[in-house]
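This report refers to the structure that appears directly beneath it.
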Amino acid sequence: MEINNYSSRNIQSQSRKKFRFDWILAVILLLALFLYGWQIWKAGSANAFYTAAIKSMTESFSNFWYGSFDPAGYITVDKPPVALWFMAISAKIFGLHGWSIVLPSVLFGVGSVYLMYRLVAPYFGKNAGRLAALAMTITPIVVADSRTNNMDATLVFFLLLALWFLEKAIVQKKVWALIVSFSLIGIAFNVKMLQAFMILPAMYLFYWMAANENWKQKVKKLIFATVGLAVFTLAYPVSVDLTPASQRPYVGGSETNSELELAFGYNGTERLLGQTTGTGGTFGAGMTSKSQSKSMGMPGGGKMPTGAKNAMKKGKNGKTTMPTGAPGGQKGRQNMGAGGGGGAFNIGTIGPFRLFQSSLGPQISWLLPFAIIGLIGSLAYYHDRKKRWYSLSHEQKQLVLWTGWLVPVYGFFSVASFFHPYYTIMLAPPIAALFGIGVVSLTRLFKDNTRTNWKFYLFPSAILTTAALQAWYVYSYYPWLTWLILGIVIVASLLLFIFPKNNASKISMVVATITILIAPGWWSLTPTLSAESAMIPTAGPSLLSTSSSGPGGGGGMGSSKVNTKLLNYLEKHQGNAKYLFATSDSTTAAPYIIKTGKAVMAMGGFNGTDPSITLSQFKKLVKNGDLKYFYYSGRSGNTKIINWIKKHATKVKSSLYQDSSSKQKFGGFGTSTSKGSTNKPESSKKSATTPNAPKGMRNGKNMPGKGVPSKIKQSNSAKSTAKDGNKQSTKKSQTAMPTGMGGMGSSGTLYDLSTIYK
């Protein structure tokens, strides 16, 4: 077996060749553009939390710079604003539309696919680069993330761009490229904070191993690179923290009004140890199966609401089914079993195989078994026999880079107590790279070895293991596809053993490889077909249900709806007040900011629990006439302020702003009501069975993500009937959701504050 050892000159020569037009790569990029961009004009308000901020950021430079959630610059979102800057610029150029706010994510997603090719092809050949790009393209969670205005697609692009400059620095021996590489990680930090730093160990290790320089030069250049990293990491948060609090918005998500505290607290250690909110409570997700069922903590420091807890049921197979409308990007449909993936807070149980579990696996892990076995085979294939075992070839060093990305991120998701399933997009690049490289190296190992060599069995093992996992994932939705995948792969593997050295083996390897791309390809297509652009992105056949809540409106953490009658009343009586109204949390406020562009005070930020305002400060706003109305939606908030309001303010007559018979409109951009909506108020809708969904899956309203009330009233469940065979079991239940679960409902309370100081 002959291995090509790439010198710097060879790599530069190959890199120049990659600028030649590649038809296959062009088709893959067009596929990515289709999957990520088709029907984004139906995105609605996507993630309304960020959309409201984008709307506010287009109003003034101050709002733009700080990432203000509201036009008045009262509080920021709970992330740095770099990703939102691109979205705000797009909205400023094209106007605020669903597609304009999602467009940057689409472009960053396609750019990531191209960068995958550019990072793999120069060292492992065009086919490996194309396969890596294709794997990245059809990773379901990559598609879902790239179709929304969340920050993850932007983050991944900057991380891959940093690696590209790192490769350039090693090949050209240019210190400026190394500084740019590490500085891009600093920029990525200001996209989603410490999440960006997860690949830093791999970058340091790879540069030290791969740079053809003496150790003194390496140390000197790495010092310069680290300085660049520190400058671009800290420049923004330090500038915010050094700005007087009176001259900027409150830093949302923090407890001390500090960007640095936000980075290392709420967006740092708390993601690993458990979500802590402004009230000091923890979110107990991701525990062992026992403790998770015992204390399924809810954001805001409370336990799972009683009604929601009682509504949880155990299926025949022991899997837990959430109540109607449990949080999840599947537009209100939630199933804890295989096939559909997890919901907003269903992240499986802590352990080394967590990413293979049905909660997370269908979003990210379709090709993970092949990637792992491919890594083993690639390390063996690219070993230079002329050198000792510990002397790594250039290709093996490249494998160390991707492994150095995969292992710590895999480890984090295996033990972390709080994250959303869509965060697993962080694993997509290393899995895609190792898959593309693995296909090429394992097929060569199969051809170059006989049945007496263990390397001969790696390709069949990778195919069979990957197919078995995929068969389990798809069984809940498509039992026939399970047998099809297994049948084709088993037949192809038998042919490989019977005819290992002729054209039949080549055809078998191609067919087997295509077969394990079918299921993830279909899963990745579902967000596109359903025009999904959700607050909690996800992929899976559940999105294709005809009873979905409509494009762009899902997301599982509260809908984006406007009570038109309430809005008309507030606008009519706002007068000279600075704020249209105040409310506890941003989920309630967001639709009204998007709809009107007026200042709405989300008193406690996203959760409603940020200590962003004191009672005395609130009283001053009321006394000065800056704030005339407070809407109490039932969500958690500043208890002192809410109790003071209840004691001293005047309740507005409910008939003046509540209208249970009128349809609620989306608060996005004046779009129509969602598919399947009725004239009944939210609290009276009954759940329906999702067609073609796994057993136990039910449709319904979205439960909240963060900041849910502590009590949920549950009505008596209707009688449930179970049908035999493959027919779905029909379960009807009615859950009375309190106001504020999905934005402005019809049973919240409006308080007139202007009467207090009269």
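Couple of notes before you dig in:
- The string of couplings for segment 417-422 from the Karplus curve (6.51, -1.76, 1.60, θ = phi - 60°) is 8, 8, 6, 8, x, 6 Hz, one whole number per residue in order, with x for Gly and Pro.
- Length gained when the stretch Ser391-Val511 is fully extended (0.36 nm per residue, less Cα-Cα span): 39.6 nm
- Derived scalar couplings between HN and Hα for segment 590-605 equal 3, x, 7, 5, 4, 5, 10, x, 8, 6, 10, 7, 8, 3, x, x Hz in order, rounded to whole Hz, by the Karplus curve 6.51 cos²θ - 1.76 cosθ + 1.60 (θ = phi - 60°), x for Gly and Pro.
- Close amide H pairs (under 5 Å, H built 1.01 Å from N) link Ser393 with Asp384, residues at least 5 positions away or on another chain.
- The listed residues Glu213, Glu395 rank as Glu213, Glu395 when sorted by accessible area, largest first, using a 1.4 Å probe.
- In terms of the mean number of neighbouring beta-carbon atoms within 10 Å, the peptides 151-159, 521-529 order highest first as 151-159, 521-529.
- Amide H partners (placed H, <5 Å) of Ile75, local residues excluded: Phe69, Asp70, Tyr250
- Rounded if a/c under 1.5, otherwise prolate or oblate - segment 68-117, Cα gyration tensor axes: oblate
- Phi-based couplings in Hz for segment 387-392 (Karplus 6.51, -1.76, 1.60; Gly and Pro marked x): 10, 5, 4, 8, 8, 8
- Separation in nanometres of the label points that stand 7 Å from Cα toward Cβ, at Val407 and Ala468: 2.5
- Here each label is just a point 7 Å from Cα along the line to Cβ, and for Thr452 and Ile756 those points are 8.8 nm apart.
- Highest average packing first - 487-497, 110-120, Cβ atoms within 10 Å: 110-120, 487-497
- Checking the cross-link pairs Lys572/Lys653; Lys192/Lys578; Lys174/Lys387; Lys79/Lys168; Lys79/Lys620 against a 26 Å limit on the alpha carbon distance flags Lys192/Lys578; Lys174/Lys387; Lys79/Lys168; Lys79/Lys620 as lying beyond it.
- Between segment 589-646 and segment 348-362, the Cα center-to-center distance that results, in Å: 39
- Summary of packing: across the peptides 574-586, 56-68, the per-residue average of other C-beta atoms within 10 Å ranks them, highest first, as 574-586, 56-68.
The values are calculated or read from the model by the stated rules, or taken from the named source; none is laboratory data. Not measured: the values here are computed from a predicted model. Methodologically, a virtual Cβ is constructed for each residue, glycine included, from the backbone with ideal geometry; neighbour enumeration extends over all protein chains shown. Only protein heavy atoms, including side chains, enter the accessible area calculation; ligands, DNA and RNA are left aside. Shrake-Rupley method; radii C 1.70, N 1.55, O 1.52, S 1.80 Å.
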